[in-house]
Amino acid sequence: MSRNQHNVEVFRDEIIAAAAELRAVARAEQDKQRIEVADWLDEQFIGISDPRDLHEATRNALTLYQGGMGSFQDVGNGASSHAVSRLRSALVSGLDAGVRDS
């Protein structure tokens, strides 16, 4: 396994873990929309091993922070705020990794 592939997997795994945290909080809050977003994120990131694919997936996922359906503009409490912040940080790091390693 190349160093770049390992790095991609580390960033990808953190994004997937952040999506899992988001899903858990969304289930506790019965927030169907965010559960669906977490599921969508899994579909986008599971199996990614190429820096360019990571870059593209993170760029697409970061559109969630721009408003509209599935937006993260509104977080209701500390748990959801933490999950959303963790996800955003993981995505930004993944985007940086994709740019750096491609």
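The values are calculated or read from the model by the stated rules, or taken from the named source; none is laboratory data. Remember, it's a predicted structure, so these values are computed and weren't measured experimentally. With ideal geometry, Cβ positions are generated from the backbone for all residues, glycine too; neighbour counts draw on all protein chains shown. Accessible surface is based on the protein model in full, side chains and every heavy atom, while ligands, DNA and RNA are left aside. Shrake-Rupley method; radii C 1.70, N 1.55, O 1.52, S 1.80 Å.
Remarks
- Accessible surface calculations at 1.4 Å, restricted to protein heavy atoms, place region 13-60 at 53 Å² per residue.
- Two-site label geometry, ALA24 and ASN60: point separation in nm, points 7 Å out along Cα→Cβ: 2.7 nm
- Förster radius 25 Å - calculated FRET efficiency between LYS32 and ASN7 (Cβ-Cβ, nearest 0.05): 0.15
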